[in-house]
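Derivation of every value follows stated rules applied to the coordinates shown; laboratory data play no part. Every value quoted in this text rests on a predicted model; they were computed, and no experiment measured them.
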Amino acid sequence: MRLILFGPPGVGKGTQAKILSEKLHLLHISTGDILRQEIASGTQLGIQAKAILAAGHLVSDEIMIGIIEHVLGSDAAKNGFILDGFPRTVTQAEALTALLIKLQMKINVVLNMEIDDEMVVQRLSSRVSCTSCRKIFNVLTDSLYNPSICPSCGGELIQRDDDMPETIRKRLHVYDQSTAPVKFYYAKAGILRTIRADGSIDEVNAAIISMVTQL
Ligand code: AMP
């Protein structure tokens, strides 16, 4: 099974991808997480990417396609994967199609997760994530004993640099301009399925599982 989770920032792609990867035994490939790891390790790529992420812009297609070629060509991706955050431009989608032909692989479905902009801003501005286990929490809806300590592993909970209101608006604009057109690319290919993603984590997950098992 090879899935793409598609949708605006804050729609819950990362949260759902983590749950699905465990339930369906698929590799979770988050290009945002890969970039944040590069930043944390201070690599050349990380140094380049840091300011781009903080401003809510997109990292270049060339760099992102290079990353995906590397990951999809690895053994870890052989038994199926969930792409979360890639492709984000039509150029990336075209490059992915060419790469998958080369690897003799096919995407089963592109899950287009839809939500209103207001809810995105509300969710992202109260989102924190664990620097250790990478789990995501919401300080408003998850009753956290301490808002800076991960209830799962005791690691440190932090807010992402790009989850500030100004940057969230920038990211939504970038999504509308550069990423939303990718929907039409996959609609034309006949593999796009749309679900509402404004329910609870469990509700959205159940909707995804039911859609995926009907494939
Ligand atoms: P995410 O964690 O998916 O919200 O990604 C965080 C940030 O990483 C984005 O706002 C972009 O700056 C960058 N990024 C992640 N994936 C891509 C991609 N496929 N193309 C370009 N930039 C990306």
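Mind scanning 106/170; 102/135; 50/135; 13/183; 106/188 and naming the pairs with a C-alpha gap bigger than 25 Å? As for pairs spanning more than 25 Å Cα to Cα, those are 106/170; 102/135.
The stretch between residue 24 and residue 201 holds 62.1 nm of extra length on full extension. This uses 0.36 nm per residue minus the Cα-Cα distance.
Per residue, the chain reaches -14500 deg cm²/dmol at 222 nm when only DSSP H runs of four or more residues are counted, each adding -39500 (n - 2.57). Shape class of region 160-215 from the alpha-carbon gyration tensor: oblate, with a/c at 1.5 or above and b/c at least as large as a/b. In straight-distance terms, cross-link reach from residue 23 covers every one of the aspartates and glutamates whose alpha-carbon lies under 14 Å from its own, apart from those fewer than eight places away in the same chain; here that gives 202.
Could you give the distance between the Cα centres of region 46-100 and region 158-213, to the whole Å? Each part's Cα centre sits 16 Å from the other's.
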